[in-house]
1. Just to be sure I understand the filter: pairs with C-beta atoms under 9 Å, separated by 6 or more residues or on different chains, first member in the range 77-95 and more than 20 Å from Arg49 (Cβ to Cβ) and basic (Lys, Arg), second member modelled with pLDDT under 95 and assigned to a strand (DSSP E or B). Which pairs pass?
2. Are there any pairs, at least 6 apart or on different chains, whose C-beta atoms fall under 6 Å, with the first in the range 105-134 and touching a residue at least 24 places away in the same chain (Cβ under 8 Å) and polar (S, T, N, Q) and the second surrounded by fewer than 16 Cβ atoms within 10 Å (Cβ to Cβ) and assigned to a helix (DSSP H, G or I), and if so, which?
3. Of all residues in the range 113-135, how many are over 28 Å from Glu48 (Cβ atoms) and surrounded by 12 or more Cβ atoms within 10 Å (Cβ to Cβ)?
4. Only residues that are within 12 Å of Pro73 (Cα to Cα) and either in a strand (DSSP E or B) or polar (S, T, N, Q) (or both): list them for the range 113-123, please.
Amino acid sequence: MNDLGSIFPPDFVLTDQVARQVFELLPEAGPVMLIISKDGHFWPSDSERFAELDICQEVLSQMCSKIDDGAEPVVSQADDCSIVASQLRTEGTDCGYVVIFLPEYSPESTLINIELIEILLNQVGLITNLIEKNSRLYELQVKHFSAQTPN
């Protein structure tokens, strides 16, 4: 079984797995991505670049609140960095939020590329669904094999 599941809640483990898988796919000089769990843990794709952006916690909190109110994706601007955020969830788990930071993007360039950004957000959601389904299948297999094994 999943040892982390006994230490951390299942949505934390899922969010951590998603972050590790998605961040491997991001280009080095590309956007900075942040995954925020519902309980406030966060995973930046590049800690150093994220720190350099110096994004106020209040901006992120306001964006998450807007998402919780039904707005999605939420687009904001902090200095010369565009920020796009969306909910991160599967059919059974509300994992939190995914935030994409686009340094040196103007609001206009972000809006011109919003369809591509939404595709990226949807791909993160798809990866999340696949990881969750794979984990559930694994757990079912372990239960099935342990039931088949004589004590």
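The values are calculated or read from the model by the stated rules, or taken from the named source; none is laboratory data. This structure is a prediction, so every number in the text was calculated from the model and none was measured. Here Cβ is always computed from backbone atoms with ideal geometry, including for glycine, and neighbour counts include all displayed protein chains.
1. Here the result reads Arg89/Cys95; Arg89/Gly96, each pair linking the range 77-95 to a residue that is modelled with pLDDT under 95 and assigned to a strand (DSSP E or B).
2. Correct list of pairs: empty, since none qualify.
3. Selection size over the range 113-135: 5.
4. Asn122
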